[in-house]
1. Within 23 Å of Pro199 (Cβ to Cβ) and assigned to a loop (DSSP other than H, G, I, E, B), is that true of Pro48?
2. Restricting the search to segment 171-205, which residues are of a type in the set (Ser, Thr, Tyr) and buried (at least 17 other Cβ atoms within 10 Å of the Cβ)?
3. Give the residues of segment 148-165 that are among the small types (Gly, Ala, Ser), in contact with a helix residue (DSSP H, G or I) (Cβ under 6 Å, 6 or more places away or on another chain) and within 14 Å of the ligand (Cβ to nearest atom), sorted by residue number.
4. Filter segment 42-56 down to residues that are within 16 Å of the ligand (Cβ to nearest atom) and in contact with an Asp or Glu (Cβ under 8 Å, 6 or more places away or on another chain), then give me how many there are.
5. For segment 7-35, give me each residue that is free of Cβ contacts under 8 Å to residues at least 12 places away in the same chain and within 16 Å of the ligand (Cβ to nearest atom).
6. Just checking, does segment 32-41 include any residue being hydrophobic (A, V, I, L, M, F, W, C), within 17 Å of the chain's Cα centre (by Cα) and in a helix (DSSP H, G or I)?
7. Going by what's in this entry, would Arg24 be described as closer than 26 Å to Asp200 by Cβ and not in a loop (DSSP other than H, G, I, E, B)?
Amino acid sequence: MRVPKRILKNVQELLERLHVDGKRRSKMNEFYKIIKERRSIRKFKPDPISKEVIERIIEVGMWAPSAMNTQPWEFYVFTGEARDQIVKILSKSLQGITPRLKELFKEKMQKFTLGFFQNMGGAPVIVLALTHRLPVIQYQEGAIQSCAAAVQNLLLAAHMEGLGACWMTGPLWVEDEVLTHLGRQEDARLVAAIPIGYPDQSPPVPPRKHKTIHWM
Ligand SMILES: Cc1cc2nc3c(=O)[nH]c(=O)nc-3n(C[C@H](O)[C@H](O)[C@H](O)COP(=O)(O)O)c2cc1C
């Protein structure tokens, strides 16, 4: 016997409601809200961030899933003089990204981005996310994706802590120089640079452009 689609949908909704009680639903709604309200921050207050907070957000980053449970992530934290040195290197990526910037953005946005790359928005802390360097492309991809998952956890945790941050792959243009600076050119890959600080801007929400779900 074929069950009409409408009834099937009602039964599915009822089952879902039975599984998700009121308390869990309100937690769930809060969780979705937090994910959606996180923004990439590109202008920071100079206020320092305590070591405990940075450790907390990195530690929760490491609860990400990882390919074959390899947990292939490493984080470098730069503050003070070390921060200024790494920013000097990271800012050189401007040269690499400029043509693409011109292709994608209007002049005002280009200018803002150029300024951002010069001093990472004044962020007092720069975190670099590194992963293993692996000879097999499939394993390398898995390692990069695992590390990326950790970065997203970290960003959400930073947002929860009242901090702002920006995931940056522009610095991949200077990956070799970054790895040489860290003495890691043989065994590591750069995944992202993440300036972190207390936000000094409240950027508009970039609308999501596509809802690309292919139901098969
Ligand atoms: C893999 C990746 C690389 C990114 N690289 C840069 C970057 O180099 N510079 C930058 O300003 N923003 C960078 N972003 C941030 C995006 O521009 C930002 O996520 C996007 O505009 C959506 O804004 P939202 O994060 O506030 O939702 C990157 C984001 C991701 C996920």
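1. yes
2. Tyr198
3. Ala150, Ala158, Ala165, listed by residue number.
4. Residues in segment 42-56 being within 16 Å of the ligand (Cβ to nearest atom) and in contact with an Asp or Glu (Cβ under 8 Å, 6 or more places away or on another chain): 2 in total.
5. Hits for segment 7-35 are Tyr32, Lys33.
6. Scanning segment 32-41, I find at least one residue that is hydrophobic (A, V, I, L, M, F, W, C), within 17 Å of the chain's Cα centre (by Cα) and in a helix (DSSP H, G or I), so the answer is yes.
7. The answer is no for Arg24.
For every residue, the table says whether it meets (1) within 16 Å of the ligand (Cβ to nearest atom); (2) of a type in the set (Gly, Ala, Ser); (3) in a helix (DSSP H, G or I); (4) exposed (fewer than 15 other Cβ atoms within 10 Å of the Cβ).
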site: Arg100; (1), (2), (3), (4): yes, no, yes, yes
site: Lys108; (1), (2), (3), (4): yes, no, yes, yes
site: Ile126; (1), (2), (3), (4): yes, no, no, no
site: Pro135; (1), (2), (3), (4): no, no, no, yes
site: Ser146; (1), (2), (3), (4): yes, yes, yes, no
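Quick note: the coordinates plus some simple rules give every number you see, no bench work behind them. No experiment lies behind these values; they were computed from the predicted model shown. Heads up, the Cβs are rebuilt from the backbone with ideal geometry, glycines too, and the neighbour counts pull from every protein chain shown.
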